[in-house]
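Peer 1: Take a look at the following structure, please.
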Amino acid sequence: MDDVPIRNAATVIVVRDGADSAGPLEVLLLQRSAELVFHGGSWVFPGGRFDPEDYAPGRPDDHEWAARAAAVREAAEEASISVSADALVPWAHWTTPPGRPRRFATWFYLAGLGEGASEVIVDGGEISDHLWITPSAALEARDRGDVELPPPTFVSLLRLARYSSVDHALASVPAERYHRFTPRLVHLGEEGQVSIYPGDVLSGTDSDELDRPGPRHRLWMVRPSWRYEELSD
């Protein structure tokens, strides 16, 4: 039994329109310090665990409020980016699978970068670098081995790649399905592993029968490139 405590956290996916607002959608990625235990060296979205002050006074169980407050605070602390809690668009919820040194229940939000926003300045502690990049370019860089992406970042970038602009994304996401990812890992030895998500035929089971007929919702983390499946019967 995994006895690593699950801590609440929040992440904000900050997007902008590139090239004088006429280019394709770009997303802000931050590189975590290589010395960090949890995803050290990986490229991620701004985010972190809740602080006590993120909760509204007298509302210790209002995790949605705290998640929005934490997302705003982390964007400011890690990248000097200002986002509005009221403008955050719910994106997804991820829980770290068992077996990791740190586990988090993380609320993900989408936010557009406003006009006149300040320059990105990373904190130089937990975050060592940043870049603005199109989702497709980030995924191609991962396949080349140039960047390391955790599964939630990888899956989110795949979804982001469907949108042509910030307005397109912000208008589309509220009408789409809200996923709660609670992964179960199936190990494939040296080849890699498969992460099983809710909605998959193997979700809620202990089976490793990856060819079992039925709906698919899984991430194949195998060489040379990862593959995400979300298919119904």
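Peer 1: Residue check: is residue 190 of a type in the set (D, E, K, R) and assigned by TED's automatic domain parsing to the domain that holds residue 41?
Peer 2: Taking the combined requirement at face value, the residue does not satisfy it.
Peer 1: Looking for whichever is assigned by TED's automatic domain parsing to the domain that holds residue 77, surrounded by 14 or more Cβ atoms within 10 Å (Cβ to Cβ), without any contact (Cβ under 8 Å) to a residue 40 or more places away in the chain and more than 19 Å from residue 71 (Cα to Cα) here; the options are 141, 171. Which one fits?
Peer 2: One residue alone meets the criteria, 141.
Peer 1: Here's a follow-up. Could you say whether any residue in the stretch 105-126 is in a strand (DSSP E or B) and surrounded by fewer than 17 Cβ atoms within 10 Å (Cβ to Cβ)?
Peer 2: no
Peer 1: For the stretch 215-231, indicate whether the set of residues that are modelled with pLDDT under 95, of a type in the set (A, V, I, L, M, F, W, C) and farther than 20 Å from residue 100 by Cβ is non-empty.
Peer 2: Yes: the stretch 215-231 contains one or more residues that are modelled with pLDDT under 95, of a type in the set (A, V, I, L, M, F, W, C) and farther than 20 Å from residue 100 by Cβ.
Peer 1: Scanning for something small (Gly, Ala, Ser), at pLDDT below 95 and out of contact with any His (no Cβ under 8 Å at 6 or more places or on another chain), does the stretch 90-103 turn up at least one residue?
Peer 2: yes
Peer 1: Next up: Kindly indicate the residue of the stretch 69-98 that is free of Cβ contacts under 8 Å to residues at least 40 places away in the same chain and not aliphatic (A, V, I, L, M) and also surrounded by the most Cβ atoms within 10 Å (Cβ to Cβ) among those meeting that condition.
Peer 2: 73
Peer 1: Hey, could you check the stretch 150-168 for residues that are among the polar types (S, T, N, Q) and buried (at least 20 other Cβ atoms within 10 Å of the Cβ) and say which is nearest to residue 78 (Cα to Cα)?
Peer 2: 153
Peer 1: I'm told residue 220 meets every condition in (1) surrounded by fewer than 17 Cβ atoms within 10 Å (Cβ to Cβ); (2) of a type outside the set (S, T, N, Q); (3) within 19 Å of the chain's Cα centre (by Cα) except one. Can you identify the failing condition by its number?
Peer 2: Going through the list (1) surrounded by fewer than 17 Cβ atoms within 10 Å (Cβ to Cβ); (2) of a type outside the set (S, T, N, Q); (3) within 19 Å of the chain's Cα centre (by Cα), residue 220 breaks only (1).
Peer 1: Can you name the number of the only condition in (1) outside any helix (DSSP H, G or I); (2) surrounded by 18 or more Cβ atoms within 10 Å (Cβ to Cβ); (3) modelled with pLDDT of 95 or more that residue 147 fails?
Peer 2: Condition not satisfied by residue 147: (3).
Peer 1: Consider residue 190 carefully, then state whether it is at pLDDT below 95 and closer than 26 Å to residue 147 by Cβ.
Peer 2: yes
Peer 1: Go through the stretch 157-188 and report how many residues are of a type outside the set (A, V, I, L, M, F, W, C), under 17 Å from residue 199 (Cβ atoms) and part of a helix (DSSP H, G or I).
Peer 2: Selection size over the stretch 157-188: 1.
The values are calculated or read from the model by the stated rules, or taken from the named source; none is laboratory data. Everything numeric in this text was worked out from a predicted model, so none of it was measured. With ideal geometry, Cβ positions are generated from the backbone for all residues, glycine too; neighbour counts draw on all protein chains shown.
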